Amino acid sequence: MSDTSSIRRYGMEQEFVVTTLVQNKKSGLGVNLFGLIFLLVGLGVFIGGPVHTVYEHIGTGDWRQVPANLDSIEVKTHRGSDSTTYSVRASYRYEYNGRTFSASRVGYDRGSDNLSDYHYEVVSRLRHSNNQGSLTAWINPEAPSESFLVRELRWEKLAFGSIFGIVFAGAGLFVMFMARRQTASGVPGANGQLIYSSEKQGFWMFAFMSFLFIGVSLPVTLKLPEEIGKGNWAILLALAFPAIGIWLGFKAREARKNWRFYGPTPLMLNPSPGQVGGDIGGSIALPGRLPPGTWKVTLQCVRVRISGGKNSRRSESVAWQEDQVPEISRESSGSVARFVFTPPTSLPETDNQGNRMVKWRVLLDGPKEPVPMERTFEIPVMKGTQTSSIKITEAHLEQTERQTQTQSIASAAEQIDVAPSGSGWLITSRHGRHTGMTLGVMFVGLLFSAASIGLGYMAAKEGFMLYVMAGAFGLFGFPMLIGGLFMAGRSLKAHISGPQVEVVRYWFGKALWKRQGTLTSTHQLMLKSSGSMSSGRKTTEFFSLAFKDARDGKDIRIAEGISGRRPAEALQEQLSKLIGLK
């Protein structure tokens, strides 16, 4: 029976590995295609622009100059949906070996642009030369019908085309390189493979993004003195791009410093892959000497949604997460951090296919000085019942449980006020506890609301479409702004006396409504998720404590805005004891 179970489990693991490999290859094919498009566009711009222009300049070095006469010349304006560009249109005549030729080519330029006043300067210069009788044309002596009026390189345009082409081609190569590495690595963690953290590529990612932002903005940055001289102070807004590039460069430096200080820190899963229905455990290799500080391992199940359409976007939400303190031990080869989680069986396994994916991550946080210790591992997880062979010592489990319980109780007491009131208890959820999140919501809502008002004002002159855009921004912005204002001032007071509960909602101290219910059993109490907030690698879950009214079965909230599952559970347990629920 044991052999049969082992064979069945092995077969399930191999099926999971094969399925994941197929998903990774499909994903890699799409990423490679995306990168190839960038590469081809970049090469096309670079070769068809700067390279071809320089090639023409060198190739026309032996062309001859002959007198020419202008028939007409003008700057042609090309108006697009979001920009206006210019080109020079001309017609002229010249004689060579007794024959008269007509031509229209002015210079190397093909197409139109708006990089500078070059087109107006060329027209002015050629008109002046024509009026002075000194206008000449460059002609190909072997094919006299081939000619142009201006044989000069536009260094500004060459620089812009080179930067644009190189940046796009480099972006394509980088995307294809990263896709190839991901596909070639198979399924990290499966069949006992080591898993390396995403910080391994963090330096290159930040460095590349820094190069991208600085490179794309370089032509505009170089034009700053000229534009400021013309009184175009709005051009200073373009400094935001190189500023972001410099900031990303500093992030790349920090990532490199972090990686060199702590080293690769590979993760070995046990079992491998991790099991929903069993255990998700592992060992993380650390350097021998570790600075003092606290350690934390977080296991996350993350739902990833990719919306299609013209403006495709990727969003993530944490479906479940749990923290624990890893057991750190010294070994001959260095230090090791060990952990074991037992996730709920209702959670999904890893799914890397489609626009609704599921990913599992292990986050390791350690000492903050002299360099912050942060590692993020993406791990494969499948349905199964296999447990981990890693044994965490009883002493460590007891110590961390006491610490966690103490911290949770302290956090709950800091967030929610519980005080005796007459013959019962008063539970107060104060306003102004999560200022950062509230201000963030209000700021985004204010931006969209202001955009809606501005577009509505412009629509009176520009037309109907701006009314549509104003409505779309308003539908998002105004509710968010109002919601942020409500969050800033909301508070909740619940008075519990025996089985009777009275809850009053306040906004900046003003009572809005009141609800009453009957609470007689711990089975009526429940924790309800009320959202989450992500900042970098950290995701904070918020909970409310409610109960199901014994009379009509409706849910009545008695505490809200509790940051963290453990403090919320500690508050639930504390209230049950204080009220005497069974």
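The values are calculated or read from the model by the stated rules, or taken from the named source; none is laboratory data. If you're wondering where the values come from, they're calculated on a predicted model, not measured in any experiment. All Cβ positions, glycine included, derive from the backbone under ideal geometry; neighbour counts span all protein chains shown. Calculation scope for accessible area: heavy atoms of the full protein, side chains included, ligands and nucleic acids excluded. Shrake-Rupley method; radii C 1.70, N 1.55, O 1.52, S 1.80 Å.
Given charges of +1 on the Cβ of Lys and Arg and -1 on the Cβ of Asp and Glu, with all other atoms neutral, how large is the dipole of the chain about its Cα centre, in debye to the nearest 20? Before the final figure, lay out the partial values.
Numbers: 64 positive and 47 negative charges, 169 e Å.
Taking the Cα centre of the chain as origin, the dipole is about 820 debye.
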If each of VAL54 and GLU398 carries a label point 7 Å out from its Cα toward its Cβ, how far apart are those two points in nm?
7.4
Could you check the spin-label model distance between SER389 and VAL371? Points 7 Å from the Cα along Cα→Cβ, value in nm.
3.3
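Which of LYS391/LYS538; LYS493/LYS538; LYS359/LYS538; LYS493/LYS554; LYS368/LYS528; LYS359/LYS554 have a Cα-Cα distance over 26 Å? Walk me through the numbers before you get to the answer.
Values: LYS391/LYS538 28 Å; LYS493/LYS538 30 Å; LYS359/LYS538 16 Å; LYS493/LYS554 18 Å; LYS368/LYS528 33 Å; LYS359/LYS554 35 Å.
Listed pairs above 26 Å: LYS391/LYS538; LYS493/LYS538; LYS368/LYS528; LYS359/LYS554.
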Stretched fully, the stretch from PHE250 through SER72 gains (0.36 nm per residue minus C-alpha distance, one decimal, in nm) 58.7 nm
The chain: relative contact order from alpha carbon pairs under 8 Å, six or more residues apart, as a whole percent, is 10
Could you put TRP204, TRP425 in order of accessible surface area, largest first, with the 1.4 Å probe and the full protein assembly present?
TRP204, TRP425
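What does the charge dipole of segment 489-582 about its Cα centre add up to, to the nearest 20 debye, if the Cβ of each Lys and Arg holds +1 and the Cβ of each Asp and Glu holds -1? Could the numbers behind the result be given before it?
Details: 17 positive and 8 negative charges, 42 e Å.
Value, rounded to 20: 200 debye.
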Of all chymotrypsin sites (Phe, Trp or Tyr not before Pro) in segment 454-558, the ones in DSSP coil with at most 15 other Cβ atoms within 10 Å are PHE508
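So if we plug the beta-carbon distance of ARG289 and ARG89 into 1/(1 + (r/R0)^6) with R0 = 41 Å, what FRET efficiency do we get, rounded to 0.05? Don't skip to the end; give the middle numbers.
On the way: r = 72 Å, r/R0 = 1.77.
After rounding to 0.05, the efficiency reads 0.05.
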Do the sum for the chain: with -39,500 (n - 2.57) for every DSSP H run of n ≥ 4, divided by all residues, what is the mean residue ellipticity at 222 nm, to the nearest 500 deg cm²/dmol?
-14500 deg cm²/dmol
Would any residue of segment 268-300 have its amide N under 11 Å from a label point 7 Å out along Cα→Cβ of GLU316? List them or say none.
300
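List every DSSP H helix in the chain whose Cα atoms extend 27 Å or more along the helix's own long axis and whose mean Kyte-Doolittle hydropathy is at least 1.0.
On the way: long enough: 2-46 (64 Å, 0.52); 155-184 (42 Å, 0.93); 199-222 (34 Å, 1.14); 240-262 (33 Å, -0.23); 394-415 (31 Å, -1.25); 435-462 (39 Å, 1.17); 464-489 (38 Å, 1.75).
Both cut-offs are met by 199-222, 435-462, 464-489.
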Accessible surface of SER124 - all protein chains present, 1.4 Å probe, nearest 10 Å²:
70
Estimated dipole of segment 314-447 in Debye, rounded to 20 [Cβ of Lys and Arg +1, of Asp and Glu -1, Cα centre]
300
Residue (of PHE177, GLY49, TYR96) at the positive-pole extreme of segment 35-191, dipole from beta-carbon charges
PHE177
Extreme residue, positive dipole direction of segment 390-519, given options LEU397, VAL441, TYR506 (C-beta unit charges):
TYR506
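Quick check: residue separation of SER576 and TRP425 times 0.36 nm, minus the Cα distance between them. What number comes out in nm?
Numbers: separation 151, 0.36 × 151 = 54.36 nm, distance 1.16 nm.
Gain on extension, SER576 to TRP425, equals 53.2 nm.
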Relative intensity, log₁₀ I(q)/I(0), of the chain from a Debye sum that treats every alpha carbon as a point, q = 0.07, 0.10, 0.11 Å⁻¹
-0.67, -1.09, -1.22
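Return the FRET efficiency for the residue pair LEU475, GLN65: r is the Cβ-Cβ distance, R0 is 60 Å, and the value is rounded to the nearest 0.05.
Working: r = 65 Å, r/R0 = 1.08.
Efficiency, from the Cβ-Cβ distance: 0.40.
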